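The values are calculated or read from the model by the stated rules, or taken from the named source; none is laboratory data. What you see is a predicted model, and the numbers here were worked out from it, not measured in a lab. Don't worry about glycine lacking a Cβ; one is built from the backbone with ideal geometry, like all the others, and counts go over all protein chains shown.
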Amino acid sequence: MELIRLERAVIGYRTPLLPPIDLALSAGTTLAVLGPNGAGKTALLKSLLGLLPLIDGRRTLPQGRSPRVGYVPQRDRLDMSWPLTVLQVVLMGRARLVGPIRRYSARDRAAARAALQEIGIGDLADRPLYALSGGQHQKVLIARAIAAEPELLVLDEPTSAMDPAAERVLLDLVARLKSAHNLSVVLVTHQLTAIPGFATDVALVDRERKVFEVGPAEQMIEPQKLALLYGREVRVAKVGDKTAIVIGDGAPP
């Protein structure tokens, strides 16, 4: 079942960033949007969600409505000094369910606390946002997204500035949430290590090289395709049941 479809869509801010693209987001999939910094990944995400009008082409909703979205923005674009508690931030995820003029109910507060407990940070509910570490802050944003009771969880560069161990912990958490809530997931990233074993589908994006290609992850995580995307030699190898990706120093062969 398709949730959102782009047909011959031209995306960009007044001028096109990529060639016309076709992209269907299906229920139950995990789509990773992969490309270097400045590749147009966030513009593609905004276009998919209907936040950035298309220059040309069509965006359709096969179910006749937009899916409920839980959105996790880039952490470095947020003001960490907000004078809000963790619970207040997570309650913001309920805003669309509550409506513009109603106050948060006991049910909303219970749902926000349940989201914090599920993420594993229930003990932080009354802490001020500014007192959290970077990893805790990211988990608060994920809890806020889950409190929205989403059908689609969208994460924009969620593992930027994370070490590999922290990245894996966060991706394992997202995979667990996907299973528990029957979610579809879109992950925007420039980190190759985030993709193998996590995404079911991958979109390769780079506006500089006018690259856009989407397909099953096992077909897209391929040395020649990744070398074209990054302009570097890329090696892909199996290590046990894991996939290792190494970007070399030289140009693609």
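Here are some notes:
- Residue check: SER160 meets all listed conditions (1) out of contact with any Leu (no Cβ under 7 Å at 6 or more places or on another chain); (2) without any contact (Cβ under 8 Å) to a residue 24 or more places away in the chain but one, namely (2).
- Condition met for GLN117 (out of contact with any Phe, Trp or Tyr (no Cβ under 6 Å at 6 or more places or on another chain), surrounded by 15 or more Cβ atoms within 10 Å (Cβ to Cβ) and either without any contact (Cβ under 8 Å) to a residue 12 or more places away in the chain or not in a loop (DSSP other than H, G, I, E, B) (or both)): no
- For the stretch 105-126, filtering for residues that are over 25 Å from the mean Cα position of the chain (by Cα) and closer than 15 Å to HIS137 by Cα leaves 2.
- Lone unmet requirement of (1) among the aliphatic types (A, V, I, L, M); (2) at pLDDT below 95; (3) more than 24 Å from ARG127 (Cα to Cα); (4) under 20 Å from the mean Cα position of the chain (by Cα) for MET92: (3)
- The set of residues from the stretch 81-104 being aromatic (Phe, Trp, Tyr) and farther than 22 Å from GLN136 by Cβ comprises just one member, TYR104.
- Of all residues in the stretch 198-210 being out of contact with any Asp or Glu (no Cβ under 8 Å at 6 or more places or on another chain) and closer than 19 Å to ALA175 by Cα, the one that is surrounded by the most Cβ atoms within 10 Å (Cβ to Cβ): VAL202
- For the stretch 58-76, the condition of being surrounded by fewer than 14 Cβ atoms within 10 Å (Cβ to Cβ), over 19 Å from ALA148 (Cα atoms), within 20 Å of the chain's Cα centre (by Cα) and at pLDDT below 95 holds for at least one residue.
- One residue stands out in the stretch 198-253 among those that are in contact (Cβ under 8 Å) with a residue 40 or more places away in the chain and among the basic types (Lys, Arg): the one that is farthest from LEU23 (Cα to Cα), namely LYS242.
- Qualifying residue in the stretch 211-218 (condition: under 30 Å from LEU84 (Cβ atoms), out of contact with any Pro (no Cβ under 6 Å at 6 or more places or on another chain) and either surrounded by fewer than 20 Cβ atoms within 10 Å (Cβ to Cβ) or not polar (S, T, N, Q) (or both)): no
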